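Input: a single structure, listed below in C-alpha cells.
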Ligand SMILES: [Zn+2]
C-alpha cells in the first residue's frame, strides 16, 4: 500500500500546519523506504501468495521482519522524528515520528499475519495482520477513501488558511488536486500490478 499512506499524510498536514508536507509524505512511507535497501540485500523479501502472479494487488506475504516489526517501526519512527528535530522543532518532529508510526498501524489492517512484534521475528511471538488484502476490492476501496478524504481535508484546510488571498486560494486548489491525482495514479498503478 502506498496511496493510502499518502492520503493519511495529507490529512495530517491539514492539522499540522508547521510540518512540511514533503516530510509528512516521506514519513508516511519511511518504513517502506528503509525496506528497499533491505529488500535489495535480501534481508527482507516478498513472497507471492499461492496461485497469484507477481504484482497482483495485495497478493503478497511481506517478510519485512525488521522494518515492519512493531519494535523496529517504533525505533525507525523515533529516528525519523529526531532527524527533523533541529530544523523544525519538537512539535513537527513528534508529528513526523507519529506519522511514520501510522504506517505500521495502517499496514496492520492490510497485511496478512506477517508482521512480527520483535525485529527478526525473535521469540516466536504471534505475527500480526488483519489481512484486508485477502479482500482486494475492500482493501482498494479503503485506500481510495484515504486518498479522497486525505486530499479533501488538506484542500479545505489550505483554502481556509488562504482566506481572501486569491493567489493562495489557487495554490491551495492546485495542491489539493495534485495530491488527489497523485494518490489516484499511485493506486491505479498498484492495482494494475505496476
Ligand atoms: Zn509498509
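State whether one or more residues within the stretch 18-33 are touching a helix residue (DSSP H, G or I) at 6+ places or on another chain (Cβ under 9 Å), in a loop (DSSP other than H, G, I, E, B), farther than 22 Å from residue 179 by Cβ and more than 15 Å from the ligand (Cβ to nearest atom).
Checked the stretch 18-33: no residue is touching a helix residue (DSSP H, G or I) at 6+ places or on another chain (Cβ under 9 Å), in a loop (DSSP other than H, G, I, E, B), farther than 22 Å from residue 179 by Cβ and more than 15 Å from the ligand (Cβ to nearest atom).
With the condition kept exactly as written, say whether any residue in the stretch 41-51 is more than 26 Å from residue 140 (Cβ to Cβ), at pLDDT 95 or above, within 15 Å of the ligand (Cβ to nearest atom) and not in a loop (DSSP other than H, G, I, E, B).
no
Go through the stretch 39-51 and give me each residue that's over 22 Å from residue 188 (Cβ atoms) and surrounded by fewer than 18 Cβ atoms within 10 Å (Cβ to Cβ).
If the condition is that a residue be over 22 Å from residue 188 (Cβ atoms) and surrounded by fewer than 18 Cβ atoms within 10 Å (Cβ to Cβ), then 39, 40, 41, 42, 43, 45, 47, 50, 51 are the ones that fit.
Which one of the conditions (1) assigned to a helix (DSSP H, G or I); (2) buried (at least 16 other Cβ atoms within 10 Å of the Cβ) does residue 36 fail to meet, given that it meets all the rest?
It fails just one condition, (2).
With respect to residue 58, determine if the residue is outside any helix (DSSP H, G or I), within 15 Å of the ligand (Cβ to nearest atom) and surrounded by 14 or more Cβ atoms within 10 Å (Cβ to Cβ).
yes
Which one of these does residue 93 not meet: (1) within 16 Å of the ligand (Cβ to nearest atom); (2) buried (at least 16 other Cβ atoms within 10 Å of the Cβ)?
(1)
Take the residues of the stretch 1-17 that are in a helix (DSSP H, G or I) and more than 16 Å from the ligand (Cβ to nearest atom): which is surrounded by the most Cβ atoms within 10 Å (Cβ to Cβ)?
Checked the stretch 1-17; the qualifying residue surrounded by the most Cβ atoms within 10 Å (Cβ to Cβ) is 10.
Cβ-Cβ distance below 7 Å, separation of 6 or more or different chains: which pairs start in the stretch 52-79 with a residue that is within 24 Å of residue 190 (Cβ to Cβ) and without any contact (Cβ under 8 Å) to a residue 40 or more places away in the chain and end on one that is within 14 Å of the ligand (Cβ to nearest atom) and assigned to a helix (DSSP H, G or I)?
67/31; 67/34; 67/35; 67/38; 67/76
Residue 81 passes all but one of (1) surrounded by fewer than 14 Cβ atoms within 10 Å (Cβ to Cβ); (2) more than 25 Å from residue 144 (Cβ to Cβ); which number fails?
Checking residue 81 against (1) surrounded by fewer than 14 Cβ atoms within 10 Å (Cβ to Cβ); (2) more than 25 Å from residue 144 (Cβ to Cβ), the one that fails is (1).
The values are calculated or read from the model by the stated rules, or taken from the named source; none is laboratory data. Bear in mind that the values here come from a model prediction, so they are computed numbers and not experimental data. Because the Cβ atoms are built from the backbone with ideal geometry, glycine has one as well, and the counts that use them run over all protein chains shown.
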